[in-house]
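J.: Sending over a structure as structure tokens; questions will come in a sec.
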């Protein structure tokens, strides 16, 4: 009986030592989330193809690299499926998810992208996302479409929001505008009345720096072109001279700073 007692103590001691030296491995739901690595495109999409295409990114990690990397394959075929079926609501969500994954591990953990992390997204990745949006919207949607509108209004975000329909006029005596409420007040069906550049959406809850970083990304520098000049309000002719618009300039109007998307 004594022998069994000491054997039990010895067994307990070994188990305790093993539990200290080799702690149990636990897994959380985030353990299986895509982790960023430096990426490069191994397959380039053919935007003219009629079938769904899988786009793969291969890892080229470096221990000292500050750019995001992914140890798993990232595909854009789900985005293409949503866009080809004209499910723009889900395509917008998938676009947001892809940007978070491509921006890096920190963005994945917090669930959104900081403007300073946009630089980590590869040019080819943004071009693929933009190209799919343009392909399935007949060049009505996409970041490059938004970039051209932004340039035309001299990079004035208030004018840009009005142009792409992200702001709405309030029914008040004084001319006021407010930002549309997400998702009910945005237009998810493409028709003749849908403003050009309405999608994809970019969250402006923390200001316009994120959208600025996306539209200023090197992926869209090639889209710079000579513009006809900034959009200005029309002026009528009265008594042989120019008549100024009755509306005050946008900088003088009243806006409610409620970024809700």
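J.: In 5 Å bins starting at 0, how do the alpha-carbon pair distances of the stretch 62-212 split up by percent?
T.: Using 5 Å bins, I get a P(r) of 2, 8, 17, 21, 20, 15, 8, 4, 2, 1, 0, 0, 0 for the stretch 62-212.
J.: For the stretch 113-155, what number results from the quotient of the Cα radius of gyration and 2.2 N^0.38 Å? Walk me through the numbers on the way to the answer.
T.: Working: Rg = 11.7 Å, N = 43, 2.2 N^0.38 = 9.2 Å.
After normalising by residue count via 2.2 N^0.38 Å, the value is 1.28.
A short reminder: the numbers here are calculations on the coordinates, not readings from a lab. Since the model is a prediction, treat every value here as computed from it, not as a measurement.
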